[in-house]
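Following: one structure in structure tokens, then a few remarks.
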Amino acid sequence: MSGTHDSVSTSSDTSVHSSVLGLVLRVFWMFLGSAGLAVSGLYIVIHGAGLFSMPDVIYWTLVLLMLVARYVDIVRFRGATAYGESATLVHWRRYALGLAVGSIAVWVLMHGIAHAWLK
């Protein structure tokens, strides 16, 4: 009897633990990562950080972490789309392409603004 109770409790604990990790990943790739990119971009503009400075490292690390978080969310935690549908690797590829292109464009823009502003 005790063994059955323990396995049910462990299964329930694992499910709750997985749900919390999934939520953390989702919040990171949806909100916190984007906020971090915005802060890094603003730092580049305001302080005129040169190419490949620490804000750039932080910016590109956040992009990479957002891609990994979204992938793990889909593959491991059954991530969903904004419409509540089950997300697939097709969604991830679309997200990865959009994030990569958008991040490059914003990064170039931020450095362009910083360069023009400091002249």
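Bear in mind these aren't lab numbers, they're just calculated from the coordinates by the rules spelled out. Everything quoted here is computed from the prediction, not taken from an experiment. Cβ sites come from the backbone with ideal geometry, for glycine too, and all protein chains shown count toward neighbours.
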(request) Would you mind getting me the FRET efficiency between A105 and R78? Use the beta-carbon distance for r and R0 = 25 Å, nearest 0.05. (result) 0.20
(message) Take R26 and E85, extend 7 Å from each Cα along the Cα→Cβ direction, and tell me the distance between the two endpoints in nm.
(response) 1.7
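Find out how many positive minus negative residues lie around G84, taking Lys and Arg as positive, Asp and Glu as negative, among other residues whose Cβ is under 15 Å from that of G84. Write down the numbers at each step before the final one.
On the way: positive: R26, R78; negative: D73, E85.
Its environment carries a net charge of 0.
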(request) Would you pull out the residues with amide H under 5 Å of A80's amide H, same chain only if 5 or more places away, H placed 1.01 Å from N? (result) A87
